[in-house]
1. Conditions: (1) buried (at least 17 other Cβ atoms within 10 Å of the Cβ); (2) at pLDDT below 95. Residue 98 meets all but one. Number of the miss?
2. Can you name every residue in the stretch 62-92 that is among the aliphatic types (A, V, I, L, M) and surrounded by 18 or more Cβ atoms within 10 Å (Cβ to Cβ)?
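The values are calculated or read from the model by the stated rules, or taken from the named source; none is laboratory data. Because the structure is predicted, anything quoted here is derived from the model rather than measured. No Cβ is skipped: glycine too gets one built from the backbone with ideal geometry, and neighbour counts run over all protein chains shown.
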Amino acid sequence: MNPQPLRPAAIRRRRCRGALLLAACVLCCRTTAAQDLTGALIGTVKDPQGAVLAGATVRVASAALIGGSATQTTDGKGQLRFPALPPGQYVLEIELKGFASFREEDLIIKAGITLERTEVLQLADVGASVVVEGAGSPIDVRDPGFASQFGADMQVSLTNDGPVTFLVKSRE
């Protein structure tokens, strides 16, 4: 049995299919190789009671990163995600208003590995600021000393362990 010769259109279709198959194989191999060249950092940011913290600024820094650092904000579930980090030694920093900053050094990211972290931010020390307004100046500006006279209406009692700042304003 003799096979029939292929027509030119059939030959072109076969060549086109072959070229597409070859291109798909090359692209898949490159994508797979690129995934093995980077690592990932994922995690969750929480408060001391275990509640997730959305809106925290997360920064990773390393000499391995182009530009030196990458920054993102935690999502509504308090999650952070850096899916493609070059292997190397990193510094992880997390900040959110009302909480103490978090910093971890010597974090090692390896190729093909996903590192998962759950970080807990502690509440920041809260200082108190008290503004006292009165109808006259209890401070004698003509006296070169540092003494002040406060009346009974100017006394303030505080039950705060943190630093306290007094700002005295007078209305003339």
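1. In the conditions (1) buried (at least 17 other Cβ atoms within 10 Å of the Cβ); (2) at pLDDT below 95, residue 98 misses (1) alone.
2. The answer is 80, 85, 92.
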